[in-house]
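Here's the structure we're looking at; comments come further down.
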Amino acid sequence: MPVQVTKKDKETSQNLGHRFTKTVRQSGVLLQLRKTKFFKRAKSDLVKKRSALKRVERKIAKIKAEKLAKPK
């Protein structure tokens, strides 16, 4: 839905700008644009499983490294 603001008689350009920004804010166009701009796709199940497996493997490797570390 396009937002149109026409200049009234004897209206300054500053007032016209304020009125335009007000109508844009009230129309909700910017909110819709931000939603589409910053939209992130959901991760697939396979990607979630792989990342979970990597986390588990790193945790096991860390525990193993701590056990094998030289005593202080």
Tell me which residues, restricted to the range 19-55, are of a type in the set (Val, Ile, Thr) and either closer than 30 Å to LYS7 by Cβ or surrounded by 10 or more Cβ atoms within 10 Å (Cβ to Cβ) (or both). THR21, THR23, VAL24, VAL29, VAL47
Restrict the check to the range 58-68 and report whether at least one residue is modelled with pLDDT under 95, over 29 Å from VAL3 (Cβ atoms) and among the small types (Gly, Ala, Ser). yes
Of everything in the range 18-57 that's small (Gly, Ala, Ser) and part of a helix (DSSP H, G or I), which residue is farthest from the chain's Cα centre (by Cα)? ALA52
Which of the residues belonging to the range 1-17 are surrounded by 10 or more Cβ atoms within 10 Å (Cβ to Cβ) and part of a helix (DSSP H, G or I)? ASN15, LEU16, GLY17
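The values are calculated or read from the model by the stated rules, or taken from the named source; none is laboratory data. Fair warning: this is a prediction, and the values are worked out from it, not measured in the lab. Every residue, glycine among them, receives a Cβ derived from its backbone with ideal geometry; neighbour counts consider all protein chains shown.
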